[in-house]
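First the structure, in the form of structure tokens, and then the observations on it.
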Amino acid sequence: MGNLKLGKLPNRIPAKITISVSADLSQALKDYAALYRQTYGESESVAELIPFMLAEFLESDRTFSKARKEGMPSAE
């Protein structure tokens, strides 16, 4: 069977991760959510913003991106 133009879709099952953050970071996240609301006129909870913030951070880290492309070992 040949390859389809569209590759196999990635795993889309969300993974729940629980973390504890410092009081300062918690306040900074709340402040960010407030600025987001002011900027875009839409309210999003900190919990809704964090996955996108983390994704943006990882995508902007060139060293991390390069290591992944070079086949770094899996963390599992």
At 10 °C and 1.306 mPa s, what whole-number value in µm²/s does Stokes-Einstein give for the translational diffusion of segment 23-67, with Rh from the Kirkwood sum over Cα pairs?
137
Of all alpha-carbon pairs in the chain, indicate the percentage at a distance above 22 angstrom.
48
Count the lysine pairs in the chain whose Cα atoms sit under 30 Å apart, keeping only pairs 8 or more residues apart in sequence or on different chains.
8
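What does the helix-only formula give at 222 nm for the chain: each DSSP H stretch with n ≥ 4 adding -39500 (n - 2.57), the total divided by the residues, and the result rounded to the nearest 500 deg cm²/dmol? Walk me through the numbers on the way to the answer.
Values: 3 runs with 41 residues, N = 76.
Helix-only estimate at 222 nm: -17500 deg cm²/dmol.
Read the figures in this text as sums done on the coordinates, not as results from a lab. Here the structure is a predicted model, which is why all the values come from computation and not from measurement.
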